[in-house]
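One structure is given below, encoded as structure tokens.
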Amino acid sequence: MASSETLTSTEYIRHHLTNLTFGYHPEHGLDFAHDMDEAAAMGFWAINVDTMAFSLLLGGLFIWFFYGVAQRATAGVPTGRQNFAEWIVEFIDENVRGSFSGQNPLVAPLALTIFVWVFLMNLMDLIPVDLVPWLATLIGIHYLKIVPTTDPNATFGMALMVFILVLYYSIKIKGIGGFLGELTLQPFGKWGMPFNLVLEGISLLSKPVSLALRLFGNLYAGEMIFILIAIMYSGGLVLAVTGLFAQLAWAIFHILIITLQAFIFTVLTIVYLDMAHQKHH
Amino acid sequence: MNFNLTLIGQMIAFAVFVWFTMKFVWAPIVKALEARKAKIAEGLAAAERGHHEQELGQKRALEILQQAKAQAAEIVNQAQKRASEIVDEAKQEARAEGARLVAAAKAEIDQETNRARENLRQRVADLAVAAAERILQKEIDPKAHGTLVDAFAKQL
């Protein structure tokens, strides 16, 4: 909005969907990218500073909050903060107990981290789309995406780590032979081996991809709708008032989506790891 | 949607957060929760025990109270019995004492009567002797007839 007088709607949207990328540009050298194309031209060896900064900040917030509680955790009457942390921990614990049948001390902390971290990153979506970028403009930063989960790098980063864990535990529990057997010997027995491999391979690979894309897609679309509503503010009084209500409604609905997406990511992670731990299929 | 180094950075950050949570966050909180669960269970059990003990105590207190009541009633009965006994004894004693006193008084009266009779007899004898002396002044020698007169006086 702040710069909508000088931008067309397309440019406004493009502007909002561009990360603050730092990297080596073939023509301009080591610098922040000045637009989407420059960011693309930097290739793989560039970094989205905003995604990293906000996700680390929010992860730090999560760690700070829970570590503080863990340090002072007592079996006596809990304080408000401990109570809140315990509520989340119990919620995660319940889900892990319900979906995960194996014995692995990693799964519950992993689920807690995913749930709270993803939720916090999603929560950034409820901050008005222009507020933080506008403040950043004041100190000379021209691109800023404050919702790390609208950056596929963040969602795929997590999904890939989960995928690595799934592969690791599949091989550890079932052995390489068992794992390969699972990939090739079913559902059609050993005579349908190539077909089995294609089927099971796709099903295996679809796990991290769907995990990452579901979260990214939901949040990206949500952000997009916020941006579109924000454009309405520059379309005259009637559109602006409509936009106000639309934004309110969407924000309220979005509270549900961000929580749900964090929860889905968590539960699917637990389920995938449970499948990796199961010997008999 | 272009992938770059951020992907690796996010993976590392994620791994570090998970590691930290596993190492320093999850265990203490779950331990505290378990400890509290145990504490609450213990407290409930203790409350149950206390309740039971209270019931027992109440029953015992009631028993003791009943015993005490019975004892008290017995003591009162005994005391009443003893009191009536004492009263009876006192009555009897008083009666006996009265009788004794009456007897003593009677004896004393008898004694006095005898003494008076004796005195009277003595005086009558004396008077008789004196009278007889006067009458028989000349004829009778008191020394010769004294025994006779005495014997006579005794018959009075």
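The values are calculated or read from the model by the stated rules, or taken from the named source; none is laboratory data. All values reported here derive from a predicted model rather than from experimental measurement. Here the Cβ is made from the backbone with ideal geometry for all residues, glycine too, and neighbour counts use every protein chain on show. Quick note on the areas: whole protein, heavy atoms, side chains included, nothing else; ligands and nucleic acids left out. Shrake-Rupley method; radii C 1.70, N 1.55, O 1.52, S 1.80 Å.
Assorted remarks:
- Among all positions in the range A:43-58, there is at least one residue which is out of contact with any Ser or Thr (no Cβ under 7 Å at 6 or more places or on another chain), of a type in the set (Gly, Ala, Ser) and either outside any helix (DSSP H, G or I) or modelled with pLDDT under 80 (or both).
- Output for the range B:1-29, where each listed residue is more than 7 Å from chain A (Cβ to nearest Cβ) and among the β-branched types (Val, Ile, Thr): B:8, B:12, B:16
- The range A:182-192 - residue that is in a helix (DSSP H, G or I) and surrounded by fewer than 13 Cβ atoms within 10 Å (Cβ to Cβ) and, of those, nearest to the chain's Cα centre (by Cα): A:190
- Subset tally (residues that are within 9 Å of chain B (Cβ to nearest Cβ) and either surrounded by fewer than 17 Cβ atoms within 10 Å (Cβ to Cβ) or farther than 14 Å from residue A:63 by Cα (or both)) for the range A:93-127: 4
- Verdict on residue A:67 being assigned to a strand (DSSP E or B) and either free of Cβ contacts under 8 Å to residues at least 24 places away in the same chain or more than 9 Å from chain B (Cβ to nearest Cβ) (or both): no
- Taken over the range A:170-181, the criterion of being open to solvent by 80 Å² or more (accessible area, probe 1.4 Å) and not hydrophobic (A, V, I, L, M, F, W, C) is satisfied by A:172 alone.
- Unique residue being surrounded by 10 or more Cβ atoms within 10 Å (Cβ to Cβ), touching a Gly at 6+ places or on another chain (Cβ under 9 Å) and part of a helix (DSSP H, G or I) when the list is B:60, B:36, B:49: B:36
- When the range A:248-267 is filtered for residues that are open to solvent by 40 Å² or more (accessible area, probe 1.4 Å) and either of a type outside the set (Phe, Trp, Tyr) or outside any helix (DSSP H, G or I) (or both), the ones remaining, listed by number, are A:248, A:249, A:252, A:255, A:256, A:259, A:260, A:264.
- Yes/no for residue A:50 being within 30 Å of residue B:23 (Cβ to Cβ) and touching a residue at least 12 places away in the same chain (Cβ under 8 Å): yes
- The condition (being assigned to a helix (DSSP H, G or I) and more than 21 Å from residue A:125 (Cβ to Cβ)) is satisfied by just one residue among A:179, A:245, A:216: A:179.
- Being more than 14 Å from chain A (Cβ to nearest Cβ) and of a type outside the set (S, T, N, Q) holds for only one residue in B:41, B:70, and it is B:70.
- Evaluated against (1) in contact with a helix residue (DSSP H, G or I) (Cβ under 7 Å, 6 or more places away or on another chain); (2) open to solvent by 70 Å² or more (accessible area, probe 1.4 Å); (3) at pLDDT below 90, residue A:240 falls short on exactly one condition, (2).
- Residues in the range A:76-92 that are surrounded by 19 or more Cβ atoms within 10 Å (Cβ to Cβ) and part of a loop (DSSP other than H, G, I, E, B): A:78 only.
- Condition check for residue A:167: open to solvent by 30 Å² or more (accessible area, probe 1.4 Å) and part of a helix (DSSP H, G or I): yes
- Selection count where residues are at the interface with chain B (Cβ under 10 Å from one of its Cβ atoms) and either open to solvent by 10 Å² or more (accessible area, probe 1.4 Å) or in contact with a strand residue (DSSP E or B) (Cβ under 8 Å, 6 or more places away or on another chain) (or both), scope the range A:138-151: 1
- Taking the range A:22-42 as the range and being surrounded by fewer than 16 Cβ atoms within 10 Å (Cβ to Cβ) and assigned to a strand (DSSP E or B) as the test, the residues that pass are A:24, A:29, A:30, A:31.
- Single unsatisfied condition, residue A:73 versus (1) at pLDDT below 95; (2) more than 16 Å from residue B:34 (Cβ to Cβ); (3) surrounded by 22 or more Cβ atoms within 10 Å (Cβ to Cβ): (2)
- Set side by side, the residues A:217, A:157 differ, and just one is buried (at least 20 other Cβ atoms within 10 Å of the Cβ) and either among the β-branched types (Val, Ile, Thr) or within 25 Å of residue B:10 (Cβ to Cβ) (or both), which is A:157.
- Residues (within 10 Å of another protein chain (Cβ to nearest Cβ) and in contact with a Pro (Cβ under 8 Å, 6 or more places away or on another chain)) located in the range A:14-41: A:41
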